[in-house]
Amino acid sequence: MNGQTISLLGTQVDPETDAVTVDGVQVHLAEKRTLLLHKPAGFITTCSDPNARDTVMRLVPAVPGLHPIGRLDKDTTGLLLFTNDGALTFALTHPKHVVEKTYHAWVEGVPDDAALARLRTGIELADGPTAPAEVRRLHTRNGRTEVELVIHEGRKRQVRRMLFAVGFPVVGLARVRVGPLTLGDLPEGRWRDLSAEEVATLYRAAGVENSTVQRAGE
Ligand code: URA
């Protein structure tokens, strides 16, 4: 590596600054890439679909190993992260240190204070009780109300199920924040690369110090 012979197993390399050769032939180290997509409605979150439906992979570049971190429902819009860094996926989805996510949901009617209080305390769903959520009404228009929910968990259709359980079915749902990241002015259907600093803030938000932390012993 960089002109030196390495005999120590587990030596870490930085693909951006280190040159690695084996028997004189340069090894191309897989570049780590993390993207943020503003997901439109109508795309399912999966790497491949046996029924050939539109998947979110059609919206991002073909990078080896790139996969979505977590999932958004087909009809949910908003912030969806992709990476080929398995350690980042693990850090962000492990139940022990999942990061805060903010959702904006349109519901029929006007949720009353009692409904909001139930969401704040935690409610019983089929797969167990939810952790306390932060929740507030944003505004009401044409008989529908936009509600902001901040949750840490990432259970299937969780926001829809929580609001349904308190009597307010969701008619539109968007994720507007994951940990330190927001959509900014990124238009729907567009993606952008995250900077190394943004990736570092994601690791920190998940309570993991840096990307060299290994899975073993977690
Ligand atoms: N909760 C939901 O109900 N749907 C999503 O897509 C994300 C969170």
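The values are calculated or read from the model by the stated rules, or taken from the named source; none is laboratory data. Since the structure is predicted, the reported quantities are computational estimates derived from the model, not experimental observations. With ideal geometry, Cβ positions are generated from the backbone for all residues, glycine too; neighbour counts draw on all protein chains shown. Only protein heavy atoms, including side chains, enter the accessible area calculation; ligands, DNA and RNA are left aside. Shrake-Rupley method; radii C 1.70, N 1.55, O 1.52, S 1.80 Å.
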*Counting only residues that are in contact with a helix residue (DSSP H, G or I) (Cβ under 8 Å, 6 or more places away or on another chain) and free of Cβ contacts under 8 Å to residues at least 40 places away in the same chain, how many does region 91-114 have?*
0
_Selection from region 86-105 of residues that are over 15 Å from His152 (Cα atoms) and crowded, with 21+ Cβ neighbours inside 10 Å_ = Leu88, Ala105
_Testing Ile44 on (1) modelled with pLDDT of 95 or more; (2) more than 14 Å from the ligand (Cβ to nearest atom); (3) in the same structural domain as Ala205 (by TED's automatic domain parsing), one condition comes back false. Which one is that?_
(2)
*asked:* So, Val176, is that one within 11 Å of the ligand (Cβ to nearest atom) and touching a residue at least 40 places away in the same chain (Cβ under 8 Å) or not?
replied: no
*Among the residues of region 111-137, which ones are in a loop (DSSP other than H, G, I, E, B) and open to solvent by 60 Å² or more (accessible area, probe 1.4 Å)?*
Asp112, Ala126, Asp127, Pro132
*Is region 31-41 home to any residue that is hydrophobic (A, V, I, L, M, F, W, C) and touching a Ser or Thr at 6+ places or on another chain (Cβ under 7 Å)?*
yes
*Sort out which residues of region 183-202 are surrounded by 15 or more Cβ atoms within 10 Å (Cβ to Cβ) and within 16 Å of the ligand (Cβ to nearest atom), and write them in order of number.*
Leu183
*Could you grab me the full set of residues in region 56-90 that are touching a Pro at 6+ places or on another chain (Cβ under 7 Å), without any contact (Cβ under 8 Å) to a residue 60 or more places away in the chain and not in a loop (DSSP other than H, G, I, E, B)?*
Val56
*asked:* Just checking, does region 146-163 include any residue being open to solvent by 70 Å² or more (accessible area, probe 1.4 Å) and either more than 29 Å from Ala91 (Cβ to Cβ) or of a type in the set (Ser, Thr, Tyr) (or both)?
replied: no
*Is region 34-46 home to any residue that is without any contact (Cβ under 8 Å) to a residue 24 or more places away in the chain and either open to solvent by 60 Å² or more (accessible area, probe 1.4 Å) or of a type in the set (A, V, I, L, M) (or both)?*
no
